[in-house]
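Structure, as structure tokens:
What follows draws every value from the coordinates through simple rules; no lab data is involved. Remember, predicted model here, so these are calculated numbers, not experimental data. Please note: Cβ atoms are built from the backbone with ideal geometry, for glycine as well, and neighbour counts cover all protein chains shown.
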Amino acid sequence: MRKLFILAFVFAILILIVGYSYVTVSNGPITPLGRLSFVKVENPDMFPDHPHSILLADDAAQRGSACALVVHFAGSSNYRSYQQKVSNNISNNSSVYIIEASYIDTHGIGSASLKQINMWDSMKVAIFGVPDGRYVYVSDGNIYPTYDALMTHVNEIAQEHGQQGPIPMVWHGTVRTDNPNIDPGCGFPFYFQILCKTYGILPAYVYTLYGLIFPYMNDPYKDYELSNSTTLQKMYNNGTLNVNKSNTTSNTDKYILNNMSGYD
């Protein structure tokens with residue numbers, strides 16, 4: 001009987017936490033969706049008409065949003081934002097403006113690989129959040145020294161592109177070498193930080209856990225990505241997933257040449 005009481009009490013607490021988190025996030029400026037994808041299927045991986053780009057734009061359009069935010073772990077990209085056409089019959093939106101942002105962990109390389117994670121450090125971040133001043137940020141070719149400076153930029157360009165209401169947000173989620181079912185992938189700590197800063201630690205836990213499940217329900221490429229993850233990772237690391245940037249006749253390649261020099 002005592003065990004049942006304890007279980008009921010714990011369940012009630014969890015329901016309260018989930019309910020509080022739902023109400024808090026429902027009235028906030030960002031709609032956290034979760035992880036976008038598991039592994040790269042083309043490189044660069046966020047540019048006009050890439051499958052993952054279309055997927056994110058369609059998700060945002062279905063929610064009536066003019067913009068979407070995708071966060072990364074900073075590589076060699078300049079993280080240019082761009083307009084993405086949506087699929088036919090998704091919504092009244094003809095396109096969605098995808099805002100890209102990334103973070104640089106000044107104390108290390110963060111979650112770049114399971115083999116490179118400091119578990120004690122990760123635990124402290126999970127319990128207390130990211131210490132102020134630890135990250136610097138990159139978006140649209142500029143470095144932002146503080147979180148507030150970056151989010152001011154994100155909100156300004158969202159308003160410039162007609163955003164009304166909360167911005168849907170994902171973390172990129174691609175994994176270069178490890179098991180993508182275990183490693184949460186590119187941008188995960190940054191996503192968690194945004195949720196902590198915007199909603200507090202409890203909603204951050206709830207929506208990060210939900211975000212880990214999101215691509216299994218939402219990513220139409222999940223079976224392909226997961227069943228071919230080792231092959232795709234090898235192809236990416238060998239450069240065979242790179243888009244041919246010499247074909248300047250396509251709009252996508254023109255965009256890459258003009259906006260994404262050195263894009264990762």
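Neighbour counts of C-beta atoms inside 10 Å place M169, M235, M217 in the sequence M217, M235, M169, starting with the fewest. Between I201 and E160, full extension at 0.36 nm per residue minus the direct alpha carbon distance yields a gain of 11.7 nm.
If R0 is taken as 25 Å, the Cβ-Cβ distance between D49 and N228 corresponds to a FRET efficiency of 0.75.
The convex hull around the C-alpha trace of the stretch 24-257, projected and averaged over every direction, spans 12.4 square nanometres.
A Förster distance of 25 Å, applied to the separation of the beta-carbon atoms of T152 and T24, puts the FRET efficiency at 0.70. Over 32 Å between Cα atoms: which of K3/K222; K85/K222; K3/K197; K85/K234 fall into that group? Beyond 32 Å: K3/K222; K3/K197.
Just so you know, the Rg over Rh for the stretch 1-69 is 1.23, from Cα atoms, with Rh as the Kirkwood radius.
In terms of overall dimensions, the stretch 39-78 has a Cα radius of gyration and Dmax of 11.1, 32 angstrom. Dimensions of the stretch 110-229 based on its C-alpha atoms, expressed as ranges along the principal axes with the largest first, amount to 40, 35, 30 Å.
Label-to-label distance for I104 and T240 is 3.3 nm, based on points extended 7 Å past Cα in the beta-carbon direction. Sorting S139, S227, S21 from the fewest to the most surrounding beta carbons within 10 angstrom yields S227, S21, S139. Based on C-alpha pairs under 8 angstrom that are at least 6 apart in sequence, the stretch 130-247 has a relative contact order of 16 percent.
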